[in-house]
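The values are calculated or read from the model by the stated rules, or taken from the named source; none is laboratory data. All values reported here derive from a predicted model rather than from experimental measurement. All Cβ positions, even for glycine, are placed from backbone atoms using ideal geometry, and neighbour counts span all protein chains on display. What goes into the accessible areas is simple: the full protein's heavy atoms, side chains included, and nothing from ligands, DNA or RNA. Shrake-Rupley method; radii C 1.70, N 1.55, O 1.52, S 1.80 Å.
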Amino acid sequence: LLALARSVTAKPFVVYPNLGESFDAANHQWIAKPTSSAADDLVHYAQQWAAQGAQLIGGCCRTTPEIIASISQHLHPT
């Protein structure tokens, strides 16, 4: 999606994903993804989003300060 958007605009991109879990309204609980680690997935995807030109990368529902810190450390190693 970012590559397509980049082909028609030079505006900065903002990526603000949730953790990828689903909310079960009937049981009032979050259902985790059945994959390895949603947090690791976000870090991996954040690197791809940055490579596609995303200038602001954050997190929405179910992301934590630790996940955002991990994304930042991977995108801006010291």
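Scanning region 25-40 for residues that are open to solvent by 40 Å² or more (accessible area, probe 1.4 Å) and either within 16 Å of the chain's Cα centre (by Cα) or charged (D, E, K, R) (or both) returns A32, K33, T35, S36, D40. Assess whether P12 counts as being within 13 Å of the chain's Cα centre (by Cα) and touching a residue at least 12 places away in the same chain (Cβ under 8 Å). Taking the combined requirement at face value, the residue does not satisfy it.
Here is the figure for region 6-18: residues that are assigned to a strand (DSSP E or B), β-branched (V, I, T) and open to solvent by less than 90 Å² (accessible area, probe 1.4 Å) total 1. When A3, A39 are checked against the criterion of being of a type in the set (A, V, I, L, M, F, W, C), at pLDDT below 85 and assigned to a helix (DSSP H, G or I), a single residue qualifies: A39. Filtering region 63-76 to residues that are open to solvent by 100 Å² or more (accessible area, probe 1.4 Å) and over 17 Å from S37 (Cα atoms) leaves Q73, H76. Could you tell me whether region 43-62 includes any residue that is at pLDDT below 90, of a type outside the set (S, T, N, Q) and touching a Ser or Thr at 6+ places or on another chain (Cβ under 8 Å)? Yes: one or more hits.
Of the residues that make up region 52-61, is at least one under 11 Å from the mean Cα position of the chain (by Cα) and open to solvent by 80 Å² or more (accessible area, probe 1.4 Å)? For region 52-61, residues under 11 Å from the mean Cα position of the chain (by Cα) and open to solvent by 80 Å² or more (accessible area, probe 1.4 Å): present.
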